[in-house]
Amino acid sequence: MATSDGLKSVDYGVEKIFEEAQDFLPLLGTDYVEFYVGNAKQAAHFYKTAFGFQSCAYKGLETGCTEYASYVLKQDKIRLVLTTPLNSKSPINEHLVTHGDGVKFVALWVDDATSAWTETTSRGAKSFMEPTVEKDEHGEVIRAGIYTYGETIHMFVERKNYNGEFLPGYQKWESDYNPTSVGLKFIDHMVGNVGWGEMNTWVKWYEDVMGFVNFLSFDDKQIHTEYSALMSKVMSNGNGRIKFPINEPAKGKKRSQIEEYLYFYEGPGVQHIAVATDDILTTVSKLRARGVEFLSTPPDDYYRAVPQRLADHNHELAEDIEKLKALGIMIDADEEGYLLQIFTKPLEDRPTLFFEIIQRMGARGFGAGNFKALFESIEREQAKRGTL
Ligand code: FE2
């Protein structure tokens with residue numbers, strides 16, 4: 001079927017595939033995303049000020065943790081943890097030296113962390129942490145972890161017997177500085193970049209080890225510009241709550257954004273976190289006012305083509321297109337509806353991790369119809385960096 005602009009996707013019969021998928025790893029949602037950063041105190045200030053996250057919990061010298069400090073931030077269902085080492089001997093340093101600031105843990109909320117670890121390690125996952133019980137006066141949490149691509153870890157978090165702020169060992173973080181939310185609700189999907197020829201290896205890993213299904217694929221003939229190309233496959237768990245697209249670079253005339261990422265992150269890792277809002281106009285207005293930088297707005301002819309692209313799928317835009325254009329928000333449509341999306345510039349000096357803001361109006365795709373406009377915009381940034 002065509003997603004939009006004639007781009008073809010593989011079987012979109014999601015429910016059918018899910019019925020067939022054996023869900024040995026039931027996932028309730030994303031529990032938290034933990035970054036290793038060079039300065040967690042300052043990073044926490046940035047995510048509060050610029051992105052509207054709220055102070056939630058803290059762990060560090062004041063709580064008796066002498067190895068690292070962690071700040072937990074919350075916005076609706078999204079939890080970010082920002083962790084920095086407190087001395088040169090912490091292994092966190094090695095990660096920072098190699099990768100710079102980036103995502104270390106993509107933690108998944110489960111009902112049974114022991115079973116999640118047993119099921120995945122028995123299917124070939126490399127263990128990061130055996131099921132471990134952590135306790136405090138608020139109850140107990142069981143966590144276990146496995147390695148995925150690069151040095152990234154999936155933690156399984158079982159918290160049904162816990163009613164504290166975050167995890168045992170953390171204290172509530174009361175702050176006098178509380179910027180308001182920008183309306184971010186939950187993590188829609190998280191994308192991983194892997195190396196040349198590794199996409200299918202990791203697709204198979206998510207199928208075999210995690211019981212995920214591949215429900216959308218794009219090859220380099222579909223995702224390319226004049227200069228660069230990439231390939232992408234979208235992996236989803238059984239109930240569709242967790243979606244991990246996986247990208248690999250493809251040959252082009254110049255260096256693709258995936259190659260640039262792999263070069264600067266020095267290996268595979270999380271490329272972007274897509275967060276959902278139900279009012280993208282308000283969310284993006286607020287983010288821009290708070291200094292968040294987005295990729296450049298697509299040209300006028302992109303917006304001129306939008307009404308027809310929606311009409312081709314029998315949808316009508318509820319939003320004012322001029323307002324979307326003024327904020328640089330892109331629109332894509334498929335049979336089921338449309339979606340609105342925009343991408344930030346990288347959030348660190350190394351051109352690696354960025355955020356996507358997405359509002360789904362029925363569509364379940366990932367903005368394939370926007371890939372060309374999006375990548376041309378990224379290439380303009382790469383040209384400025386001298387990395388195209
Ligand atoms: Fe995305």
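Scanning segment 73-107 for residues that are aliphatic (A, V, I, L, M), surrounded by fewer than 19 Cβ atoms within 10 Å (Cβ to Cβ) and closer than 25 Å to K172 by Cβ gives L86, I92. Contact map, segment 173-196: first residue away from the ligand (no atom under 12 Å from the Cβ) and of a type in the set (G, A, S), second residue open to solvent by less than 20 Å² (accessible area, probe 1.4 Å) and part of a loop (DSSP other than H, G, I, E, B), Cβ cut-off under 7 Å, separation 6 or more or different chains; pairs are S181/G52; G183/T277. In the set (1) within 22 Å of S377 (Cβ to Cβ); (2) at pLDDT 90 or above, N237 fails one condition alone, (1).
Among the conditions (1) modelled with pLDDT of 95 or more; (2) surrounded by fewer than 16 Cβ atoms within 10 Å (Cβ to Cβ), the only one that F35 does not satisfy is (2).
For F355, the conditions (1) in contact with a strand residue (DSSP E or B) (Cβ under 7 Å, 6 or more places away or on another chain); (2) more than 16 Å from the ligand (Cβ to nearest atom) all hold with the exception of (2). Within segment 298-330, being out of contact with any Lys or Arg (no Cβ under 7 Å at 6 or more places or on another chain), within 27 Å of P346 (Cα to Cα) and not hydrophobic (A, V, I, L, M, F, W, C) holds for P298, P299, D300, D301, Y302, E322, K323, K325, G328. Just checking, does segment 199-211 include any residue being in contact (Cβ under 8 Å) with a residue 40 or more places away in the chain, within 23 Å of V275 (Cβ to Cβ) and open to solvent by 50 Å² or more (accessible area, probe 1.4 Å)? No: segment 199-211 contains no residue that is in contact (Cβ under 8 Å) with a residue 40 or more places away in the chain, within 23 Å of V275 (Cβ to Cβ) and open to solvent by 50 Å² or more (accessible area, probe 1.4 Å). Listed residues R309, R288; which is basic (K, R) and within 20 Å of E381 (Cβ to Cβ)? Exactly one residue qualifies, and that residue is R288. Evaluating F156 against the criteria (1) assigned to a strand (DSSP E or B); (2) touching a Cys at 6+ places or on another chain (Cβ under 8 Å) leaves one unmet condition, (2).
Could you pull out every one of the helices (runs of 4 or more DSSP H) wholly within segment 243-325 that has 3 or more residues that are outside the structural domain of L96 (by TED's automatic domain parsing) and within 16 Å of the ligand (Cβ to nearest atom)?
On the way: elements: 257-265, 280-289, 300-311.
In segment 243-325, the matching helices (runs of 4 or more DSSP H) lie at 257-265, 280-289.
Across segment 366-388, not a single residue is classified as more than 16 Å from the ligand (Cβ to nearest atom) and closer than 24 Å to K185 by Cα.
Quick check: anything in segment 296-318 of a type in the set (A, V, I, L, M), open to solvent by 30 Å² or more (accessible area, probe 1.4 Å) and at pLDDT 95 or above? Within segment 296-318, not a single residue is of a type in the set (A, V, I, L, M), open to solvent by 30 Å² or more (accessible area, probe 1.4 Å) and at pLDDT 95 or above. May I ask you to list the residues in segment 242-292 that are among the aliphatic types (A, V, I, L, M), farther than 30 Å from V182 by Cα and without any contact (Cβ under 8 Å) to a residue 60 or more places away in the chain? If the condition is that a residue be among the aliphatic types (A, V, I, L, M), farther than 30 Å from V182 by Cα and without any contact (Cβ under 8 Å) to a residue 60 or more places away in the chain, then A250 is the only one that fits. Could you grab me the full set of residues in segment 344-388 that are open to solvent by less than 10 Å² (accessible area, probe 1.4 Å) and in a strand (DSSP E or B)? Across segment 344-388, the qualifying residues are T344, F355, E356, I357, I358.
The values are calculated or read from the model by the stated rules, or taken from the named source; none is laboratory data. The structure presented is a predicted model; accordingly, all values stated were derived computationally and were not measured. Heads up, the Cβs are rebuilt from the backbone with ideal geometry, glycines too, and the neighbour counts pull from every protein chain shown. The accessibility values were calculated without ligands, DNA or RNA, using every heavy atom of the protein model including side chains. Shrake-Rupley method; radii C 1.70, N 1.55, O 1.52, S 1.80 Å.
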